Amino acid sequence: MTTRSTGVSLVQAATRLAAHLADHTPPEPTSLTVETRNAHSELTAQLRSTTLPTVAGDLLAWAETLTMVTAQAWRVPQGDRVHLSLAGTLTDPAPAIELDVFGGVNHDPEDFVDLEPGEHRVILLAQLRTWAASAPTTTSSPALERRGAN
């Protein structure tokens, strides 16, 4: 996980995020949050996408714009959804500011083997690439239809 930024005001963090979005144009999020408490700023972006291939692809697009990236899967305690997220940093200009990007997908035991309700697991960007590449090209197969459903 990246370290949280200190000494950055709300306005500085929001300005840096706006500049980052203008410079890199990652997939547009549903929401952006900038929080600053006790001289600590944290940025959060929630993705619009909702299927495993699209969430994974959007996370990869964001990962290309950040440094010190780590990814994880978290199965919600109710067990029916999985949040995929990445943490990275905006580094230019210094100081670095942490950015967390996440999206939610339906839990499918074929995709999330042995991920128990409430469990967090670090995942590799290679796994996100595999999921992103799994987008169905046709919906003639029931398994493909299930994978693309919300």
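The values are calculated or read from the model by the stated rules, or taken from the named source; none is laboratory data. In this text the structure is predicted, and so the values were computed from the model without any measurement. Heads up, the Cβs are rebuilt from the backbone with ideal geometry, glycines too, and the neighbour counts pull from every protein chain shown.
Residues of segment 88-137 that are modelled with pLDDT of 95 or more, of a type in the set (S, T, N, Q) and not in a strand (DSSP E or B): GLN127, THR130.
Does ALA61 qualify as being of a type in the set (A, V, I, L, M), closer than 25 Å to ILE123 by Cα and assigned to a helix (DSSP H, G or I)?
Values: of a type in the set (A, V, I, L, M): yes; closer than 25 Å to ILE123 by Cα: yes; assigned to a helix (DSSP H, G or I): yes.
Considered against the rule, which asks whether it is of a type in the set (A, V, I, L, M), closer than 25 Å to ILE123 by Cα and assigned to a helix (DSSP H, G or I), ALA61 comes out as yes.
Looking at segment 129-136, is at least one residue out of contact with any helix residue (DSSP H, G or I) (no Cβ under 9 Å at 6 or more places or on another chain) and surrounded by 14 or more Cβ atoms within 10 Å (Cβ to Cβ)? No, because not a single residue in segment 129-136 is out of contact with any helix residue (DSSP H, G or I) (no Cβ under 9 Å at 6 or more places or on another chain) and surrounded by 14 or more Cβ atoms within 10 Å (Cβ to Cβ). The residues in segment 35-47 that are surrounded by 19 or more Cβ atoms within 10 Å (Cβ to Cβ) and either under 14 Å from the mean Cα position of the chain (by Cα) or among the basic types (Lys, Arg) (or both) can be counted, and the count is 3. From the list THR50, THR54, pick out the single residue that is of a type in the set (Ser, Thr, Tyr), surrounded by fewer than 17 Cβ atoms within 10 Å (Cβ to Cβ) and closer than 19 Å to GLN127 by Cβ. When all the criteria are applied, what remains is THR50. Determine whether segment 39-48 contains at least one residue that is at positive phi and either in contact (Cβ under 8 Å) with a residue 40 or more places away in the chain or assigned to a loop (DSSP other than H, G, I, E, B) (or both). Checking segment 39-48: at least one residue is at positive phi and either in contact (Cβ under 8 Å) with a residue 40 or more places away in the chain or assigned to a loop (DSSP other than H, G, I, E, B) (or both).
Every condition in (1) touching a residue at least 60 places away in the same chain (Cβ under 8 Å); (2) surrounded by 18 or more Cβ atoms within 10 Å (Cβ to Cβ); (3) closer than 20 Å to ALA132 by Cβ is met by THR70 except one, and the failing one is (2).
Inspect all residues belonging to segment 119-127 and state whether any of them is charged (D, E, K, R), surrounded by fewer than 18 Cβ atoms within 10 Å (Cβ to Cβ), under 18 Å from HIS20 (Cβ atoms) and more than 15 Å from the chain's Cα centre (by Cα). No - not one qualifying residue is present in segment 119-127.
Tell me yes or no: at least one residue of segment 2-10 is touching a residue at least 24 places away in the same chain (Cβ under 8 Å), loosely packed, with under 13 Cβ neighbours inside 10 Å and either touching a helix residue (DSSP H, G or I) at 6+ places or on another chain (Cβ under 8 Å) or hydrophobic (A, V, I, L, M, F, W, C) (or both). Scanning segment 2-10, I find at least one residue that is touching a residue at least 24 places away in the same chain (Cβ under 8 Å), loosely packed, with under 13 Cβ neighbours inside 10 Å and either touching a helix residue (DSSP H, G or I) at 6+ places or on another chain (Cβ under 8 Å) or hydrophobic (A, V, I, L, M, F, W, C) (or both), so the answer is yes.
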